[in-house]
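Comments concern the structure below.
The values are calculated or read from the model by the stated rules, or taken from the named source; none is laboratory data. Remember, predicted model here, so these are calculated numbers, not experimental data. Using ideal geometry, Cβ is built from the backbone for each residue, glycine included, and neighbour counts are taken over all protein chains shown.
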Amino acid sequence: MSGLLGSLPPEQVRLLSVARPGRELAARPMTATLSDRREFSARWIFERKLDGVRMLAVREAGTVTLVSRSGRRVDGSYPEIAAALAAQERADFTVDGEIVAFTHGRTDFGLLQRRMGLTRAAEVAASGVAVTYCVFDVLRLDGADTTGLPLRTRKSLLRRALTYRTPLRFTPHRNAGGTDLLAQACARGWEGLIAKRADSRYQPRRSPDWLKLKCSRGQEFVIGGFTEPAGGRTGFGALLLGHYADGVLRYAGKVGTGFPSRTLTVLRTRLDGLRRPDSPFGDRVTERHPRWVEPSLVAQVEFAEWTRDGMLRHPRFTGLRDDKRPRDVVREEAGPPP
């Protein structure tokens, strides 16, 4: 057993087991549940909610693999991250984190969009976008499965297991928080906070042990169609959005704002390649002359609220996501405060 793991108290050593291959551990990341909760006991810790792309990193058998939340291998899109992990002294680990791009200290998903999907070294270099891998959890270390350890212990191991230099960053946490801490985060222009039970184990599912506390409302939606542009606009008029419920794609309205001119043109080309003759939605869509597409693209959208009939109020497009499977997109409901 490694020096780090050997330093654990006996009762925690007993929680370790021989790890499966890192790629298998990375296949199902733990995800957070949206929540309106604002009061927390000392059993919770708080991390900054990052507006980026979820990424798990595996190093074993002399190879570094970057895996997106949807299970795709994306080493080519972030070669500087892979190189920094390959240069680590420790040769066996699987870690969880978020790849982000910063603008004036704030994570900028729009800027990150310029790197997402690029795989050729020349294109990556030409983008001019610097990325950072903010690491917040460890699933495997020196051949041992660490997911059964308490979160606070896992973070302590993670902080000591790797050397953090650009473009790697350890994600710190606060030991106390709630309404005041969230207000401070929002005032700084952050997306919000992630509250985590300090004694929780890493679970390959959406868990109430990790809670999303957001400054504004927003989530992913599946693109099921679009409308033609009007006036002097190019590309398209609006995207028709939906989410899955009981295996059916439910219509949630349309979004027509937040698109840079280049996005209108590039996205229209992708949409034309996905055209289909019939609606993918299980509900009736009343838009005039809609154009239907296969529901394979996922958009990130901010909005004011849900209407009573399940439509989005004042939505705004913020980008495409390639780290989430369309079938995993559901309506996120905040649980009531206790």
Legend entry - Subset of the range 111-129 that is touching a residue at least 40 places away in the same chain (Cβ under 8 Å) and loosely packed, with under 15 Cβ neighbours inside 10 Å - its residue that is nearest to ILE194 (Cα to Cα): GLY117
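Any idea which of VAL53, VAL13 is within 23 Å of VAL124 (Cβ to Cβ) and β-branched (Val, Ile, Thr)? I'd like the intermediate steps shown before the answer.
Details: VAL13 fails: within 23 Å of VAL124 (Cβ to Cβ).
After ruling out the rest, the residue left standing is VAL53.
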Legend entry - Hey, LEU149 crowded, with 23+ Cβ neighbours inside 10 Å and farther than 18 Å from ARG54 by Cβ or not: yes
Inset, instruction - Report, ordered by the first and then the second residue, all pairs with beta carbons closer than 7 Å, sequence separation of six or more or different chains, a first member in the range 318-331 that is over 21 Å from TRP306 (Cβ atoms), and a second member that is among the β-branched types (Val, Ile, Thr). - result: LEU320/VAL298; ASP323/VAL53
Legend entry - Neighbours by Cβ (under 9 Å, 6+ apart or cross-chain): first from the range 66-81, at positive phi; second surrounded by fewer than 22 Cβ atoms within 10 Å (Cβ to Cβ): GLY71/ALA27; GLY71/ARG28; GLY71/ARG325
Inset, instruction - Filter the range 1-22 for residues that are free of Cβ contacts under 8 Å to residues at least 60 places away in the same chain and either surrounded by 13 or more Cβ atoms within 10 Å (Cβ to Cβ) or not acidic (Asp, Glu) (or both) and give the result. - result: GLY3, GLY6, SER7, PRO9, PRO10, VAL13, ARG14, PRO21
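Quick grid of which residues meet (1) among the small types (Gly, Ala, Ser); (2) within 22 Å of the chain's Cα centre (by Cα); (3) over 28 Å from LEU320 (Cβ atoms):
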residue: ARG14; (1), (2), (3): no, no, yes
residue: LEU25; (1), (2), (3): no, yes, no
residue: ILE45; (1), (2), (3): no, yes, yes
residue: VAL74; (1), (2), (3): no, yes, no
residue: SER77; (1), (2), (3): yes, yes, no
Legend entry - Residue in the range 248-255 that is farther than 23 Å from THR318 by Cα and in a strand (DSSP E or B) present: yes
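Could you identify the single residue in ARG28, ARG37 that is in contact (Cβ under 8 Å) with a residue 60 or more places away in the chain and buried (at least 16 other Cβ atoms within 10 Å of the Cβ)?
None of the others qualify; the one that does is ARG37.
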Inset, instruction - Might you let me know whether the range 247-263 holds any residue that is under 26 Å from GLY52 (Cβ atoms), at pLDDT below 95 and of a type in the set (A, V, I, L, M, F, W, C)? - result: yes
Inset, instruction - Identify all residues within the range 138-165 that are within 23 Å of ALA42 (Cβ to Cβ) and touching a Phe, Trp or Tyr at 6+ places or on another chain (Cβ under 6 Å); write none if there are none. - result: ARG159
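From the list SER207, SER200, exactly one residue is part of a loop (DSSP other than H, G, I, E, B), closer than 26 Å to ALA334 by Cβ and among the polar types (S, T, N, Q). Which is it?
Details: SER207 fails: part of a loop (DSSP other than H, G, I, E, B).
Among SER207, SER200, only SER200 is part of a loop (DSSP other than H, G, I, E, B), closer than 26 Å to ALA334 by Cβ and among the polar types (S, T, N, Q).
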Legend entry - Answer residue from the range 303-323, given it is touching a His at 6+ places or on another chain (Cβ under 9 Å) and within 22 Å of PRO260 (Cα to Cα) and is surrounded by the most Cβ atoms within 10 Å (Cβ to Cβ) among those: PHE303
Inset, instruction - Collect the residues in the range 221-235 that are closer than 15 Å to VAL293 by Cα and either in contact with a Cys (Cβ under 6 Å, 6 or more places away or on another chain) or loosely packed, with under 15 Cβ neighbours inside 10 Å (or both), keeping them in residue-number order. - result: GLU228
